[in-house]
Structures are given as C-alpha cells and as structure tokens.
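Please read the structure below before turning to the comments.
Please treat every number below as a calculation from the coordinates, not as lab data. Fair warning: this is a prediction, and the values are worked out from it, not measured in the lab. Cβ placement follows ideal geometry from the backbone for every residue including glycine, while neighbour counts extend to all protein chains displayed.
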Amino acid sequence: MTDLDDFDHERHVREAFELAREATARGDEPFGSVLVRDDAVVMRESNRVNTADDVRRHPELHLAHRACRELDASERAETVMYTSTEPCPMCAGGMRTAGFARVVYSVAGDEIGDFTGEHPPVRAATILGDRTTVQGPVLNDQGRAIHEAFDW
C-alpha cells in the first residue's frame with residue numbers, strides 16, 4: 001500500500017482550488033474536490049448545487065457516491081479526498097459510508113462560517129474520526145482567498 005504521507009498534498013489541494021474557481025465561474029459556490037489513489041487524481045468534482053438545482057451536488061458527496069459505484073471497498077480504503085473546504089456534515093456522512101483513507105482540506109468548517117454566517121453543527125473529524133483521517137488546513141491562506149473573492 002502507498003504511504004499516504006508521501007502524496008503531494010499541496011498539488012492536489014491546488015487542483016481542488018481550480019475546481020472551486022470553476023464552480024464560481026459557472027454560478028455555483030466555491031467548492032471543489034479530487035479523489036487521489038497512488039498520488040494520482042482518479043476523479044474530480046466541483047460544486048453544482050445551483051446549476052444542477054440539486055442540494056446533493058456538493059463535490060465531496062458526489063465523489064463519495066461515484067466512488068461507491070466505481071471503486072471497490074479496498075480501493076476506496078486507499079483513496080484520499082482533497083477538498084478546498086472541510087466537508088460539511090452531510091458530505092462527511094457520505095464519505096464515512098465510502099470509507100476513504102483520508103480527507104485533506106484547506107479551509108476549516110468553522111472558518112467557512114466566517115464567510116457564510118453558518119457554522120456546521122458538527123465538524124468532519126467528529127463524523128469521520130474513527131474511520132477516516134482528517135487532515136488540514138493545507139494552503140489555508142490560498143483557500144481563504146477564494147472565499148474572500150466570492151460574494152457570500
């Protein structure tokens with residue numbers, strides 16, 4: 001099994017940032033995520049809640065859904081999700097079911113509340129902690145800049 005600590009965390013978080021920027025250009029909120037196995041991106045998603053008119057289209061939840069359909073449990077257990085912002089409770093629940101090895105985020109859930117005015121009632125580590133390692137923040141200033149530029 002690949003050592004997850006050897007993955008290029010910053011490179012993958014930067015790709016999540018690009019997906020977050022694509023989401024805002026399209027009219028969605030600034031969230032993006034990638035799934036990585038063996039230090040290579042295998043799936044990518046950006047927020048599509050507004051443009052798909054679907055509250056479930058958070059990138060983390062949609063990637064968990066896709067991973068459960070496209071990867072077996074042992075593959076998912078060797079997968080890391082990199083995301084521009086710490087997963088909300090809904091997404092963390094989906095990720096728990098998917099059984100990813102780790103999630104790496106840039107902007108923490110309590111920080112996103114500074115922009116949106118809504119603080120998550122439960123942090124991702126509370127939902128995932130015994131199953132998935134939660135790591136972050138990574139490149140926090142760059143992630144916060146994306147939210148600062150967005151018209152919350």
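Couple of notes before you dig in:
- Cα gyration tensor category, rounded, prolate or oblate, for the range 108-152 with a/c compared to 1.5: oblate
- Gap separating the Cα centres of the range 95-152 and the range 3-24, nearest whole Å: 13 Å
- Each other residue within a Cβ distance under 12 Å of residue 90 adds +1 if Lys or Arg and -1 if Asp or Glu, for a net charge of +2.
- All other residues whose Cβ lies under 11 angstrom from that of residue 144 are scored, Lys and Arg at +1 and Asp and Glu at -1, for a net of -4.
- D by Stokes-Einstein for the range 8-85, Kirkwood Rh over Cα pairs, 37 °C, 0.692 mPa s: 266 µm²/s.
- Using the Karplus relation 6.51 cos²θ - 1.76 cosθ + 1.60 with θ = phi - 60°, the per-residue 3J(HN,Hα) values for the range 78-86 come to 10, 10, 10, 9, 9, 9, 5, 9, 3 Hz, with x marking Gly and Pro.
- Residues with amide H under 5 Å from that of residue 85, placed H, sequence gap 5 or more: 32, 106, 107
- Overall Cα dimensions of the chain, principal axis frame, Å, largest first: 42, 30, 28
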